[in-house]
Ligand SMILES: [Fe+2]
């Protein structure tokens, strides 16, 4: 995936030992067999800008809570679920393996989505909000008519999304076409299609805007384009269509 480091390695020692007994009944201590598995867990990525750098579009308070509290909570819960999954697999507990899937999807999705989201934002004085040029710009014109038409479509679908979720500008790696997609809760874009790649995802959970925009999600959606990092979206597009 074309975003910053997602995962940090953490070794969880899940060792078991096996001490076979010899024909004479004595333990064969020198032949203990150790099984050690490692589990790769997630960690919170740094933001590529200061918490207050997106003001006045998104307040520093929102960014700090969103990153340090909400994203971190998804990571913590995802890692806990992974550890339980690892134990369930080791025990061959199929029921527990299945039971853990919803927690992994929700919290793992929250981690994946927010990691993309931080890359999708950029301070205005560093190029945030500057329209995409060249290949992605042409593709947007071809698929939607204009950048303005795409923004209107994403704003409308984001505003209409019931409850919490995400609105995406997606690239289909197979057809090379762009589309606007929405996902509920923390479902990542890949749940809508295995060939879909997120170029841009906008978080429309209330925690992303409520402290500043209150319940008026359309105002948040109208403003957020001023800090959208089209350079990132263009780089992903170019890489996936090369
Ligand atoms: Fe969020």
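Neighbouring Cβ atoms within 10 Å as the yardstick, rank 106, 144 fewest first. Walk me through the numbers before you get to the answer.
Working: 106 16, 144 19.
Ranked by crowding around the Cβ, least crowded first: 106, 144.
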If you bin the C-alpha pair distances of the stretch 138-193 every 10 Å from 0, what whole percents do you get? 24, 50, 25, 1
Mind checking the full-extension length gain between residue 235 and residue 70? Use 0.36 nm per residue of separation minus the Cα-Cα distance, one decimal, nm. 56.7 nm
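Classify the stretch 125-241 as rounded, prolate or oblate, taking a ≥ b ≥ c as the square roots of the eigenvalues of its Cα gyration tensor: rounded when a/c is under 1.5, otherwise prolate if a/b is larger than b/c and oblate if not. Each step should come with its number before you reach the end.
Numbers: a/c = 1.88, a/b = 1.31, b/c = 1.44.
Oblate.
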Evaluate the relative contact order of the stretch 31-153 (contact order divided by residue number), counting alpha-carbon pairs under 8 angstrom at least 6 apart; express in whole percent. 23
So for the stretch 134-239, averaging the separation of alpha carbon pairs under 8 Å that are six or more residues apart and normalising by length, what relative contact order in percent results? 26
Label point distance in nm, residue 149-residue 46, each placed 7 Å from Cα along Cα→Cβ: 4.2
State whether the stretch 182-229 is rounded, prolate or oblate according to the following rule on the C-alpha gyration tensor (a ≥ b ≥ c being the square roots of its eigenvalues): a/c under 1.5 gives rounded; otherwise a/b larger than b/c gives prolate, and the remaining case gives oblate. oblate
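Taken together, the values in this text are just the output of simple stated rules run on the coordinates, not laboratory data. Please read all numbers here as calculations on a predicted model, not as lab measurements. Here the Cβ is made from the backbone with ideal geometry for all residues, glycine too, and neighbour counts use every protein chain on show.
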